[in-house]
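Below you'll find the structure, written out as structure tokens, and then a few comments.
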Amino acid sequence: MRLFLAVVVCKVLRFIGGLIGKGSSLPGQFALKVCPNVLGRVKLPEHIIAVTGSNGKTSTVEMIAAILNASGKKVVYNKEGSNQIEGVTTLILSNCSLGGKMRGDVLLLESDERYARHTFKWFHPTHFVITNLYRDQLTRNGHPEWVYDAIKDAVFPETTLVLNADDPLVSCFAKDHDPAKVKWFGLDECSISTKEHHGVYHDGARCPVCKGRMEYACYHYAHIGHYSCPSCGHRRHDTDFAVTALDLKEGKLTINGETEISLAFKSIYNVYNILAAWSVCALAGADNAAMAGVINNYMLKNGRMITFRLGNHRGTLLTSKHENSVAYDTNLAYIADTGKPCTVLVIVDAISRKYFTGETSWLWDIDFDRLGCEHVQKVMLYGKYCNDLAVRFKYSHVPADKIEVGESIATAAEYLKENGDEDVYVVTCFSDRDKLLSLVERD
Amino acid sequence: MELTILHLYPDCMSLYGEYANVMVLRRHLEAMGVAVTVETALFEDTPDVEHADFIYMGAGTERTQKAALSALLPHKEGLKAAIDRGAVVLFTGNAMEMLGLSITDAMGKRWPGLGLADFATLETAQRAPEDVIAHTELWDSPVVGFMNKCSMTEDVSVPLFDRLSLGFGNEEEKGAEGYVSGNVFATHLTGPVLVKNPDFVDFLIRRIFAVKEWELPETLPVLPYEREAYEVTVKELTGRN
């Protein structure tokens, strides 16, 4: 009876919420009050796929849904990104019959890395994809090992883990797990691999198991690569699913030596997201041709690149995430690769839109040296924390005479509107991007 | 004027950008005409504490901190000798905990500390990631920054900060924070605390000059944007408070 009531409450609130445009976690929150163990009582589909990790969750989930839909499976997933237990409850109950049976063949969940243990207390995923763990929103997340421990509590023996073999910390999830229930994906040594580590900090310098000095045969980016620990033997596992060839400039990759894929977005992160999606979809029974058909030139809906015009400038806003140096580094690398004369505008105004903090230490984890190239003609540092940015840039390779500092984003936009016609790249966060986008002509 | 900074375990005890503390101190000293050498030591090295004028370590994960402690323990006599001759020491984040008698981790295991201070630390299952405004009697302006700790440090004889108006102290919310004894300074503030607080840098420079018996200029260098950044953070955090 409580189950029935919880489903009804959720559906009614969801309907009303839909009418007034309210968030997706409230109905689940009420349903959990009516029936706290509701998630343990509903009948879920055969496949329950969860995706977690620091970066790439949303994109990976979107591609998994597209592939499985194209393979004829009905996929229910949290495309609104409400990835804590209340949002997941709303999602499941909204798609349930009044008898408590969820419709669909696959339940697909983007799972918040810290809250997965609460959600999966009641049901366990059949497949758990873990993409990567690095410094991300440390004001909330503590640090990558803290997040690792939180996810570890959400790993259950019957779940098949789908792990990024190239991430030494993610690989640790396999330690106490039945080896038959661990599948590995990774990138072979290829055109983008380097012998040297790149970046301001190196979270793979020490083995996550024994803290001995880690050795790398090659790096793909940050601490992601082919590692082995001479002290304890922790090493990159052989892969079940691999990108065997990659040409990022051409935008082509090959999976398992046989399927060639064209990339709509030529970034290494896109490569890993595709590979993660491919791996779990293959495990869920999708066939190669169907997968390749969907993934080829796949344009992400949650695009983080926005083009605009401002005066005589063609502008591109590259959405980074404050408090996430890897997201910043991706975009800085993109700008460095363009090779065309440009101005770069970096905005740090509100560090988060969800909570208050004045924490700026993450600026020191970003590799701003990447902007120290000739074609970057000017770097404009704007927003409330422009002075913190300016101090950080004094320790970068960007010459002081290329740097301009100011608080008002409107002033920056006004200046650009009146001066010059070179390309403009804007690097900032979701929390700050509308402050500029409201002042430009969107394409 | 020559000076040596010893940066302990920069490859892994720099979880929140703490390496910047060494860079900013170095740049201020260089602006005063001091020739600065920065030595680093990894776990596998014997740190050259004997020749160090300033010794720094930042924060790490709880597991890395234990490894750092194990690496440093064999060198504690050398570290003690350096402290006795007046070397200025700054340990920030959970590096502070290593100076004490022990760290008891969240599983209940007790790790003996360096024993250079008389406090003991208990790790907790909860983290306290918080913005901080801290007040000390050693200089006038408040210190601002962030902490990302999961521990309580008990029985600190003399705290560095008498009180916090924002943040979690050694034992309680807004309580006394950090530790000071002679030229040894420790605080659980994480990240580039010296970058954020130019007066803290100036205070350390005065101590270093006193130990070296160098003549201190009337005014210390003010580097661009640092004080402006500090003022913005003070205003933001005070407004929040």
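Details
- Estimated at 0.36 nm per residue, the fully extended path between A:K101 and A:H397 surpasses their Cα-Cα distance by 100.7 nm.
- Sites B:S157 and B:R206, calculated FRET efficiency, Cβ-Cβ separation with R0 22 Å, nearest 0.05: 0.45
- Phi angles across the range A:125-138 convert, under the Karplus curve 6.51 cos²θ - 1.76 cosθ + 1.60 with θ = phi - 60°, into 3J(HN,Hα) values of x, 7, 9, 10, 8, 10, 7, 5, 9, 8, 5, 8, 6, 5 Hz, Gly and Pro given as x.
- Listed residues A:S228, A:S111, A:S320, most fluctuating in chain A (Gaussian network, C-alpha, under 10 Å): A:S228
- Sequence-distant residues sharing a close amide H with A:G315 (under 5 Å, placed H): A:F308, A:R309, A:L310, A:V424
- Neighbouring Cβ atoms from other chains, within 10 Å of the Cβ of residues in A:379-388, number 3 on average.
- Between the alpha-carbon centres of the range A:35-82 and the range A:228-247 there is a gap of 28 Å.
- Spin-label model distance (nm) - B:A125 vs A:N69, 7 Å beyond Cα toward Cβ: 4.1 nm
- For the range A:163-261, the set of trypsin sites (Lys or Arg not before Pro) satisfying both a DSSP loop assignment and a count of at most 15 other C-beta atoms within 10 Å is given as A:K175, A:K195, A:K249.
- Count of lysine pairs in the range A:1-116 with Cα separation under 26 Å (8 or more residues apart, or interchain): 26
- Amide H contacts of A:N132 (H built 1.01 Å from N, under 5 Å, at least 5 apart or other chain): A:S54, A:N55
- A Förster radius of 56 Å, combined with the Cβ-Cβ distance separating A:K417 from B:A106, puts the computed FRET efficiency at roughly 0.55.
- Protection-proxy order for peptides B:2-14, A:377-389, B:169-181, each taking the mean of Cβ atoms within 10 Å per residue, highest first: A:377-389, B:2-14, B:169-181
- Annotation for the range A:398-443 versus the range A:297-324: alpha-carbon center distance of 13 Å.
- Considering only B:V193, B:V158, B:V132, the Gaussian network model of chain B with Cα springs below 10 Å gives its largest mean-square fluctuation to B:V158.
- Here is what passes the span test in chain A: the DSSP H helices with alpha carbon length of 24 Å or more along the helix axis and a Kyte-Doolittle mean of 1.6 or above are A:2-20.
- When chain B is treated as a GNM with alpha-carbon contacts under 10 Å, the residue of B:E97, B:E215, B:E62 showing the greatest mean-square fluctuation is B:E215.
- Straightening the chain between A:H124 and A:E374 buys 84.8 nm, computed as 0.36 nm per residue apart minus the Cα-Cα spacing.
- Taking a point 7 Å out from the Cα of A:E258 in the direction of its Cβ, the residues of the range A:223-244 whose backbone N falls within less than 18 Å of it are A:239-244.
- Charged neighbours of A:Y201, selected by a Cβ distance under 12 Å, balance to -4 (K, R count +1; D, E count -1).
- Whole-Å distance, taken between Cα centres, linking the range B:16-65 and the range B:157-200: 19 Å
- The Cβ shell under 12 Å around A:R41 holds other residues with a net charge of +3, Lys and Arg each +1, Asp and Glu each -1.
- Over the range B:2-240, Cα pairs under 8 Å with separation of 6+ residues give a relative contact order of 18 percent.
- Fewest neighbouring Cβ atoms within 10 Å first, the residues A:R103, B:R27 line up as A:R103, B:R27.
- Length available on full extension from B:E44 to B:L216: 0.36 nm per residue minus the Cα-Cα distance, which gives 58.2 nm.
- Shielding by partners for peptide A:244-257, expressed as the average number of C-beta atoms from other protein chains within 10 Å of each residue's C-beta, is 0.
- Approximating the spin labels as points 7 Å out from Cα along Cα→Cβ, the A:S191-to-B:L223 distance works out to 4.1 nm.
- DSSP assigns beta bridges within the range A:2-295; of those with both partners inside it, close to 40 percent run antiparallel.
- Counting only other chain Cβ atoms within 10 Å of each residue's Cβ, the peptide A:359-372 averages 5.
- Each DSSP beta bridge with both residues in the range B:2-240 is either parallel or antiparallel, and the antiparallel ones are about 55%.
Just so you know, all these numbers are worked out from the coordinates, no wet-lab data involved. Everything numeric in this text was worked out from a predicted model, so none of it was measured. We place every Cβ from the backbone using ideal geometry, glycine too, and count neighbours over all the protein chains shown.
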